[in-house]
1. Taking the Cα centre as origin and putting +1 on Lys and Arg beta-carbons and -1 on Asp and Glu beta-carbons, what dipole magnitude results for chain B, to the nearest 20 debye?
2. Size of the dipole of the protein assembly as shown about the Cα centre, Lys and Arg at +1 and Asp and Glu at -1 on the beta carbon, nothing else charged, in debye to 20?
3. Work out the mean other chain Cβ neighbour count within 10 Å for the residues of B:133-141 and drop it here as an integer.
4. Using the charge dipole of the protein assembly as shown (Lys, Arg: +1 at Cβ; Asp, Glu: -1 at Cβ; taken about the Cα centre), state which of A:Val376, A:Gln330, B:Val689 has its Cα farthest towards the positive end.
5. Karplus couplings for region B:582-587 from phi (6.51 cos²θ - 1.76 cosθ + 1.60, θ = phi - 60°), rounded to Hz, Gly and Pro as x?
6. Per residue and in Å³, how big is the convex hull formed by the alpha-carbon atoms of region B:542-685?
7. Translational D (Stokes-Einstein, µm²/s) of region A:324-437 at 20 °C and 1.002 mPa s when Rh comes from the Kirkwood sum over C-alpha pairs?
8. What is the sum of charges around B:Leu587, taking Lys and Arg as +1, Asp and Glu as -1, for the other residues whose C-beta is under 15 Å from the C-beta of B:Leu587?
Amino acid sequence: MMSNLTSTERARAMLITVAGVLIGLTMAAVGRNDPMGAHGWIVLLFCGVLFFLVAQTLYDAEPVEDRSTSYYDDPTKVGILLALFWAVVAMGMGVWVASQLAWPDLRFDAAWSSFGRIRPVHTSGVIFGFGGNALIATSYHIMQRTSRARMPDQVSPWFVLLGFNLFCVVAASGYLMGITQSKEYAEPEWYADLWLVIVWVVYFILYIRTLARRNEPHIYVANWYYLSFILVVAILHIVNNLAVPASFSGAKSYSAFAGVQDAMVQWWYGHNAVAFFLTTGFLGMLYYFLPKRAGRPIYSYRLSILSFWGIVFFYIWVGSHHLHYTALPQWVQTLGVTFSVMLLVPSWASAGNALMTLNGAWHKVRDDATLRFMMVAAVFYGLSTFEGSFMAIRPVNALSHYTDWTVGHVHSGAMGWVAMITFGSIYALTPMLWRRETMYSWKAVEWHFWLALSGTVIYIFAMWNSGITQGLMWRTYTESGTLRFSFVDTLIAMHPYYIARAFGGLLFFAGACICFWNVVMTIRRVPNHAPEADYPTIPEAMEPAVPAAE
Amino acid sequence: MSGIGTHPQTCSGDQLQVSSREWREAEARAGVRLLANGQGHCVLSIPDLRCGGCVAKIERTLNARADVVTARVNLTLKQAVVTFADADTDPTCVISALALLGYPAIPADVAQQDEDDTDDVGRGLLRAIAVAGFGAMNIMLLSVAVWSGAAGETRDTFHLISALIAIPVVAYAGQPFFRSAFQALRMGRLNMDVPIAVAVVLALALSLVETMRGGEQAFFDAAVTLLFFLLSGRYLDHLMRERARSAVSGLARLSPRGAMLRQPDGTLTYMPLSSITPGAIITIGLDERVPVDVRIISGSTDLDRSLVTGEAMPVPAGFGDTLEAGTLNLTGVVEAEVLRSADGSFLAQMMRMQSEAETGRGTYVRIADRAAQLYAPVVHLLSLATFVGWFLATGEWHTAIFIAISVLIITCPCALGLAVPVAHVVASGRLMRMGILMKDGSALERLAEIDRVVFDKTGTLTMGTAAIGCGPGDPALRTAAKALALKTVHPAARAIAMSIAEQPCQLDDAIEVPGFGIAGCVGGRAVRLGRADWVADICLQAKGKASPVCAFADGPAMSFDLIETLRPGAVDAISSFAEAGIPVAMLSGDIAARANSIANQLDIADVRSDETPADKIAALNVLRDAGHRALMVGDGLNDAAALAAAHVSMAPSSASDAGRTAADFIFLRDGLDAVTAAWHMARATARIVRQNFALAITYNCIAIPLAMAGLVTPLIAALAMSGSSLLVIGNALRLNRAAKPRPMPMPRAGGMEVPA
Amino acid sequence: MTILAFLIPVTLSMGAIGLGVFFWSLRSNQYDDLSGDAERILFDDDHPLLAASARLSNTTKETAP
């Protein structure tokens, strides 16, 4: 891969890694009496390894590739592998966390392995490690294909991808050491946040530069979704992480906002992160890979553009529904409810659009597990957005909030929608990227599909039951007006569901492992095959190579 | 017969053939527009474009060519925009390359295309919608906050922010309504935009005053949401017309842009029409349309005058004959003297008659405006009455004004404004899928009202092509006739060739004598196919027989029976009008015999033949004066004025340019069932529009008393407005299911044809 | 809720950016052929398009000898 870089690019990459090493060294020195020092060593190691990787090839021959005739896919390939690596790590963590809830002894009495520390490793690992890497990798693919242009340079894509992974590593290792801002989905401390801003700005500029070079005048709608993901996440990240470090030699910082104001900012961020990290970016994936794989254009392109603007506008104020029955003024809560309910319209428009695209290609869905992943993702997207709007209504929220129902809702979105569309896209993308005829094993894809689907279904049903049981038990009063059940009573009632949840998660985790194995075997074992065009189909389903015009 | 020996084109034929090709190239080249950087820009219309695969194939092929800088295909418009490196490039190469791929292409009309490039009105409306949408979303957010309990300073602040957003938004997005209302008022009329503009401005003003006073209720969201909904309706309306217009401009242009002019030194040069003056000599090649009125000075040919006069069968023409602009030259190259310049020609004359005829229709007032004329005064009077009533009852200016304005806001014709355009847009989408283009919404309203139908014959009730009823039985004659017929493009000959199944026999020395027929030798024996008096030169038997005749020298002569083909679905279309009790008439420019035989076949009692364009207009005016509303269906140049004079009109896509411009509807498919399909759609749409009006009126009957009682809050106004609009839109969407088109009847073989 | 004094301007400016981007997309003819653009992604080649200028210079090179 390094051989595709010119010597100037290699030199530039080395300079960047040297800067990284120096930053790591400084952090290690300044923060030697704080966990930040450990982070310094991690940064140093990460950049040092990269430095040597590049340095090894510094005097290699110049690349012979004609850059005007091919896309730059190396970072995409690495990104896909990194996404799968994180999927296995973070989902494994998830299974462990879930098991700890059922069998608390699994903590093994260590500090780093307590629930409070490994749960964020699971959430951040899945959202940022798996989701983020998949988004970056697919966006590299889609922005080049739909623009019909190669990326403008070969260093910044690597900087974005590896820089983002450095952020993920720092975040995950920090949690284990107990470094956290205690803001959900924004736990990493100030220096990690600052680093992410730099990476993100470069990402945005890279995207814009690629679009500016485009040879296809029209910007395909997927790019709008990806761009909104990058731009809005940048703004949200900056606003929510406004904080004053307690000292520059330590990790601890204090939020710029206090009390309920801070809560409002956190959930303004939190739900918009759901919107712009876990929805729009993955909708971009859906709008590209689903039509590609089905061989049919999106049912209504106009609707996909309209629902883009609808989602962008409606999502912004939804967050306050996370703060029902708190010190937040009633009207701010009502505002959140109103917009949550209205949000259903553009969300269902997208889900319906995706399913209508498949209308007429159901035989392909039946035969092709990859397409089935995408179809199920669209269905779960529709279901979980409906559930979300429903749960945002105040009386429903009174029952559901702080219970496992919320956890079930998040996972129906994360497993059913985000992970399914990502796996579908990865299966569609892998043979294309590595110029392979098919995936290594179509049976493994089938296995993965059914494991993922049954895992998800078991998981959400367990959580629905658990959550509603929990909510009802909490609000049951005796005749004398005291609480009928103690907290331990609810725990005992939930125990079987927690076991079921851990089992569902295990199935899902097993599917992810199979996927990783299958992708690696595809790269190593499946013979090369140069496609004339990026026509997606053939692989598992034994379909005609060129989709029949319908 | 003395003329045959002196055919001049037999000697200079080659040169004239070359000129014909040059004309074709020059004509195509005239479609290339010079860009500022010296490159050429050409728009090709590709009717057979269906899917992304076609787009990719065409773009790949064209972009691979050395003379093409960029080629971009637009699937919506079925067009390819090609940029040539050199403005003088001949686009016919590209066109033939496309034809090889299986996509016949024609240069689209440049003059129309110039406007196409920037659809400023549509863009302006979209921008206004975006601004109104932005304002509506943000103000709604603030309003929802206020409605759900934000009080005191928070509420005042939110009102202030709303005001800061609403003022520029209304000022920008409201312009289309303000302008239209202002124009209407200046002309002393009332249209739908007057109550809209009044309500929006008053709502804004009232809310501003309330904001200053620190009042509890402000209508910012109502003002802006109203604009958003109405702009959406207006944009849909615009989109519908734009779509039809671009589809029409994609149809083949039938009138030429220029002609090959004989220069004093004897050479031929292509000149644009504008620089061709009377007295000039031009050549008119095969398959060319006559550009201006001319008189033939040499050569002879057969002419297809069907689009000009309605005559179904080709007519021969020779020295001294006058040709009207628009006539199609079929068989021979002729030289002709220009009689009149382009703007004095028959074509231009027809255009003038057409625009005169159109003024008669100018009195039609669209249904929404008719409603507004009733609605606006009623609402404004009610509002005034409310003000007076509350002022007398309470003695408070402020309360009285507030309630009076809230009456205006709640009655603002949001649903009324959407009732018509949404229904029309849905209907036009349905029609377009059926292959019927609709020029604008008023056409649909007018079509629903018809009580008379008038058809042209040639090209409308019949297809433009001839067919053979029965032919000679002698096998030798049949094979010889087929061999002769294959030598020419004359429509009658094509029909003869089609009707004979046998293999043609060996034919030697074939020669076409334009205006007369084809001669040749079979096994050393002379044979001719053509006009009876010409065939009689070699075979006396042919004398007096009906043309065309085929005969061997001194052998038996056999006459072919030429007939016109009915359009598929013609019988059903006529009978379904008859069933609905709508009398059908036929106005034809053709001779009585042909007109009557077609009419008999179709059971049309009211037939008029040999009609001039003026006669046709007069006939339609008589109908109008008698209080009838007639649908005219026609295609020819001679029908153009009549199409414009009728209450509403339709033309097939094969119609003349003028006919297509004049008609309200154009149907792209062959079957005449399009006429009834459009009529059914129009009636279904009218029904939906009436229902929508009923819904809007019901809504007002509930809302007005509430508003007059002072019970309307901004929240109720917002809910009522969105609710009624969604109801109307939902009702209009039902049109997608109403009036399902019946499966198109297959053309019946044989029985559909009548002798000419 | 003083925080809204902060969040509302942030949101409004994000909306304004969106509006600006929409205006730009309108001006650069992004919505002229929606049905064609939806299909284009299905038929792209596996290599970038050469820019028009580059292609022209290529063809002149080819035709030169």
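1. Values: 63 positive and 72 negative charges, 379 e Å.
Around 1820 debye, computed over chain B.
2. Computed charge dipole of the protein assembly as shown: roughly 2500 debye.
3. Rounded to a whole number, the mean comes out at 6.
4. Selected residue: A:Gln330.
5. 9, x, 10, 10, 10, 10
6. 138
7. The estimated diffusion coefficient comes to 135 µm²/s.
8. For residues surrounding B:Leu587, the net value is -3.
Computed from the coordinates by the stated procedures, all read-outs in this text should not be read as laboratory data. Note that this is a predicted model, so its numbers are computed, not measured. Reconstructed Cβ throughout: ideal geometry from the backbone, glycine too, with neighbour counts over all protein chains shown.
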